[in-house]
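Below: one structure, written as structure tokens.
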Amino acid sequence: ALLNEFSATCSDVVHAAGGRVVKFIGDEVMWVAPTPDALVQVAVDLVEHPRAREAHLQVRAGLDFGTVLAISGDYFGNPVNLAARLVSAAGPGRILMSAALRAALPDRPAVMQEPLTLKGFDEPVPAYALS
């Protein structure tokens with residue numbers, strides 16, 4: 001019941017920012033947003049959602065922004081892969097974003113992390129934690 005409720009909440013938050021839910025993968029949600037600001041706002045709203053905190057859900061987010069390939073309603077490409085790896089590296093209540101997204105949002109408070117060794121990436125990947 002809680003997962004169903006949170007899935008509905010995710011959809012509401014994503015749609016309110018002008019984004020689109022791509023899919024749910026177990027307890028994860030993949031969404032796309034039209035702007036870097038909207039992408040980050042969705043993540044902040046989900047991680048800080050009062051009901052999620054009340055239910056002690058360990059919400060975290062990994063974000064990248066860039067060109068992707070859309071096929072049959074799904075999305076593919078390096079930004080998708082990097083976002084998936086960043087969410088795996090993020091601790092509960094944290095949002096990690098890529099260097100590309102950081103460059104698109106230079107005024108957004110963020111703290112550079114140690115480069116991350118991520119599956120599928122040959123070199124350590126720079127990441128930023130939203131603060």
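Assorted remarks:
- Odd one out for residue 83, checked against (1) in a strand (DSSP E or B); (2) under 11 Å from the mean Cα position of the chain (by Cα): (1)
- Residue among 2, 63 that alone is under 23 Å from residue 127 (Cβ atoms) and out of contact with any Phe, Trp or Tyr (no Cβ under 6 Å at 6 or more places or on another chain): 63
- Test: residue in region 72-88 that is open to solvent by 70 Å² or more (accessible area, probe 1.4 Å) and at positive phi: yes
- Search result, residues across region 23-42 that are of a type in the set (Asp, Glu) and either in a strand (DSSP E or B) or open to solvent by less than 40 Å² (accessible area, probe 1.4 Å) (or both): 28
- Assessment of region 50-58 against the conditions (open to solvent by less than 40 Å² (accessible area, probe 1.4 Å) and either aromatic (Phe, Trp, Tyr) or modelled with pLDDT of 95 or more (or both)) yields no matching residue.
- Exactly one residue among 92, 50, 36 is touching a helix residue (DSSP H, G or I) at 6+ places or on another chain (Cβ under 7 Å) and at negative phi, and that residue is 36.
- Checking residue 41 against (1) farther than 22 Å from residue 118 by Cβ; (2) at pLDDT below 95, the condition it does not meet: (2)
- All positions within region 13-58 that are among the aliphatic types (A, V, I, L, M), touching a residue at least 60 places away in the same chain (Cβ under 8 Å) and farther than 22 Å from residue 3 by Cβ: 39, 40
- Test for residue 46: is it assigned to a helix (DSSP H, G or I) and either touching a Lys or Arg at 6+ places or on another chain (Cβ under 9 Å) or within 25 Å of residue 126 (Cβ to Cβ) (or both): yes
- Residue in region 94-115 that is most open to solvent (accessible area, probe 1.4 Å), counting only those that are closer than 19 Å to residue 37 by Cβ and free of Cβ contacts under 8 Å to residues at least 12 places away in the same chain: 107
- Hey, residue 118 closer than 26 Å to residue 12 by Cβ and surrounded by 11 or more Cβ atoms within 10 Å (Cβ to Cβ) or not: no
- Residue within region 59-67 that is part of a loop (DSSP other than H, G, I, E, B), open to solvent by 40 Å² or more (accessible area, probe 1.4 Å) and within 29 Å of residue 4 (Cα to Cα) present: yes
The values are calculated or read from the model by the stated rules, or taken from the named source; none is laboratory data. Values in this document were obtained by computation on a predicted structure and should not be read as measured data. Cβ coordinates were reconstructed from backbone atoms using ideal geometry, including for glycine residues, and neighbour counts include every protein chain displayed. Note: accessible area is taken over every heavy atom of the protein model, side chains too, but ligands, DNA and RNA are not part of it. Shrake-Rupley method; radii C 1.70, N 1.55, O 1.52, S 1.80 Å.
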